[in-house]
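What follows is calculated from the coordinates using simple rules that are stated; it is not laboratory data. Just so you know, these numbers come straight off a predicted model, no measurement behind them. For neighbour counting, all protein chains shown are included, and Cβ atoms are generated from backbone atoms with ideal geometry for every residue, glycine included.
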Amino acid sequence: RGKRLAARDFTTVLATLKARRAWRLALRVGEWMRLRSANKVAGGGPAATAQPLPNRVHYQVILSACAGSGEAKAAQAVAAEMADRGMPLDRAAIGTLILAHERAGNWAATAALLDDIDALASPPPPPSVSATDLSAPSVSAPSVSAPSPSAPRAVDPAAFAYSTAIRAHDAAGEWKAALGIWRRL
């Protein structure tokens with residue numbers, strides 16, 4: 001017996017397949033992971049107490065592989081499987097689904113999925129600046145500088161989803177609908 005593969009090893013394999021646009025093979029690896037996990041759980045193996053594979057990260061990479069190849073039907077099937085396994089779609093997964101539909105030319109599906117993004121939106125957090133923070137800084141207070149231009153910035157999944165839907169509508173010549181999505185954003 002060789003080395004046991006950890007969840008991160010599977011993530012690496014799936015990410016490599018995604019980079020090579022091998023979405024069909026990524027789906028097969030995901031299927032193999034599910035079968036392997038189910039067999040271990042049924043046999044009382046170590047997976048009986050561990051998180052079943054594929055996990056949310058694996059599904060997201062598989063969704064991304066499908067989206068990168070414009071395979072909206074395959075991405076939709078992966079999303080349905082996630083929901084069946086008790087993993088509700090988060091904003092990143094829905095944004096990836098929208099990307100898959102955009103790449104497949106399904107502009108109407110992109111707009112329909114925006115409702116799911118909006119349903120997950122939470123109210124913005126309260127401002128972190130209090131009235132006392134607005135007073136002059138004390139001598140011992142450290143200075144705060146702006147983040148460096150090279151610092152990585154997180155992408156807002158909702159903004160990504162909306163811009164993807166706008167691109168899909170624009171590519172389909174549905175510019176009025178694209179403007180409507182922009183106003184909705």
Expected unfolding gain across A121-T16 under the 0.36 nm per residue rule, minus the alpha-carbon gap, is 34.7 nm
If packing is taken as the average count of other Cβ atoms within 10 Å, what order do 16-25, 3-12 fall into, highest mean first?
16-25, 3-12
Listed peptides 80-90, 27-37 by packing density, highest first (mean Cβ within 10 Å)
27-37, 80-90
Evaluate the distance, in nm, between pseudo-label points positioned 7 Å from the Cα of A83 and of R4 along their respective Cα→Cβ axes.
3.5 nm
Lysines within cross-link reach of K40: Cα-Cα under 26 Å, excluding same-chain residues under 8 positions apart?
K3
